[in-house]
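One structure is given below, encoded as structure tokens.
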Amino acid sequence: MNWRIILGLALTAAGFVFGAAPAPKTWPDARLAAASSRVEDWQPVFQGVDMCTGSTTNPRPVQVKAVRVDLQADAISFLVTPSNGAEPKDVGARTTSDFLAEFRCQVAINGSVFAPFAKTKGDPMDIEGLSLSRGDLYSPANKYDAILISTNNRVWLDMSPVEAQGAWNGLSGFYALLVDGRNIASSEGLHPRSAIGVSRDGRFMFLMVIDGRQPGFSEGATTAETAEWMRKLGAWNALNLDGGGSTALVIEGLEGRPRVLNRPSGPPAGTERKVANHLGVFARPVK
């Protein structure tokens, strides 16, 4: 059994015997911020794919963009960035918009932690953690948790040590935010955030980004706050992806051109970072 699950069970037991164990100090603040936030109605952008916007000014300005994918909708499929094959390192650097345009996805979000930073498109990069693209596990799991997707679009969160058996696509982020509805995140740092999650009944996947490092517009979130935003959207299990300047959520716009939903932190603000891997969603146009 995973050591974090064992620890959680031990703390639960201790709370039962000795009195309720104190929740992390950030949780009440994170829940208060989420409770006072505003989330617009979901709007269809493709068949089985909706998007929405969220915002708050408490305790600071925050802007949120999210996409919800109906995993039971016809023609929904996924792609994690394929490997470089015989080329150096795991992959070549791409922005999230580059990825969407190259593979003709309808939705794309940035994925795993990586190294080194790229200067130009195509620079070789290594992925830190699991990267599984349509059956090709070209980057092995490490200490980080992962989201896994089967051929029939079953989506699940797996905590380290990750076992990818039964998965067709998958990618690591950092660590889980929500596990069975519990916020297990921390309060450290205000940054742009990217996250992925799945609903309790397994029907919906959620892709969410929170902008940050832009005073007066959107100043970022802690991981505990990010978990609460995911909960507010409908997630039961959720994973923190690479964030900061990597944070980007893109959809296919007019004439197939990428449309960046959020405002990446750059520099300069609005500029996407070239990252290693992504998760892409394929869907049919709205009738």
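Separation between the residue 182 and residue 201 pseudo-spin-labels, each 7 Å from Cα along Cα→Cβ, expressed in nm?
Reported label-point gap for residue 182 and residue 201 is 2.5 nm.
Just to confirm the filter: which trypsin sites (Lys or Arg not before Pro) across segment 125-159 are DSSP coil and have at most 13 other Cβ within 10 angstrom of their Cβ?
Numbers: sites: 134, 143, 154; in loops: 134, 143, 154.
Sparse-neighbourhood loop trypsin sites (Lys or Arg not before Pro): 134, 143.
Counting Lys and Arg as +1 and Asp and Glu as -1, each charge on the Cβ, what is the dipole of the chain about the Cα centre in debye, to the nearest 20?
Details: 29 positive and 28 negative charges, 85 e Å.
Computed about the Cα centre, the dipole is about 400 debye.
Give the accessible surface of the chain per residue, rounded to a whole number of Å², with probe radius 1.4 Å and ligands, DNA and RNA excluded.
Numbers: 13060 Å² over 287 residues.
Each residue of the chain exposes 46 Å² on average to a 1.4 Å probe.
Return the long-range amide H neighbours of residue 122 (sequence gap of 5 or more, or a different chain), with a cut-off of under 5 Å between placed amide H atoms.
93, 94
Which of 158, 123, 242 moves the most in a Gaussian network model of the chain with Cα springs under 10 Å?
Residue with maximal mean-square fluctuation among 158, 123, 242: 123.
Ignoring everything but the protein chains, give the 1.4 Å probe accessible area of residue 39 in square angstrom, nearest 10.
50 Å²
Using a Gaussian network for the chain with springs between C-alpha atoms less than 10 Å apart, which of these wobbles most: 46, 174, 103?
Result for the chain, Cα springs under 10 Å: 103 fluctuates most.
Compute the distance from the alpha-carbon center of segment 176-215 to that of segment 133-172, in whole Å.
That distance is 18 Å.
For residue 174, what residues show an amide H to amide H distance below 5 Å, using hydrogens built from the backbone and excluding near sequence neighbours?
Counting only residues 5 or more places away or on other chains, the set is 240, 241, 242.
For the chain, what is the number of Lys pairs with C-alpha distance below 30 angstrom, counting only pairs 8 or more positions apart or on separate chains?
21
Within the accessible area of segment 151-263, what % is carbon and sulfur when the probe is 1.4 Å and the other protein chains stay in place?
So the carbon and sulfur contribution to the accessible surface is 47 percent.
Among rounded, prolate and oblate, which fits segment 49-173 when a ≥ b ≥ c are the square roots of the eigenvalues of its C-alpha gyration tensor, a/c under 1.5 means rounded, and a/b larger than b/c means prolate? Mind showing how you got there, number by number?
Values: a/c = 1.45, a/b = 1.20, b/c = 1.21.
Verdict is rounded for segment 49-173.
Roughly what would the spin-label model give for residue 72 and residue 57, points 7 Å off Cα along C-beta, in nm?
Going from the residue 72 label point to the residue 57 one covers 4.1 nm.
The values are calculated or read from the model by the stated rules, or taken from the named source; none is laboratory data. Note that this is a predicted model, so its numbers are computed, not measured. All Cβ positions, glycine included, derive from the backbone under ideal geometry; neighbour counts span all protein chains shown. Accessible surface areas use protein heavy atoms only, side chains included; no ligands, DNA or RNA. Shrake-Rupley method; radii C 1.70, N 1.55, O 1.52, S 1.80 Å.
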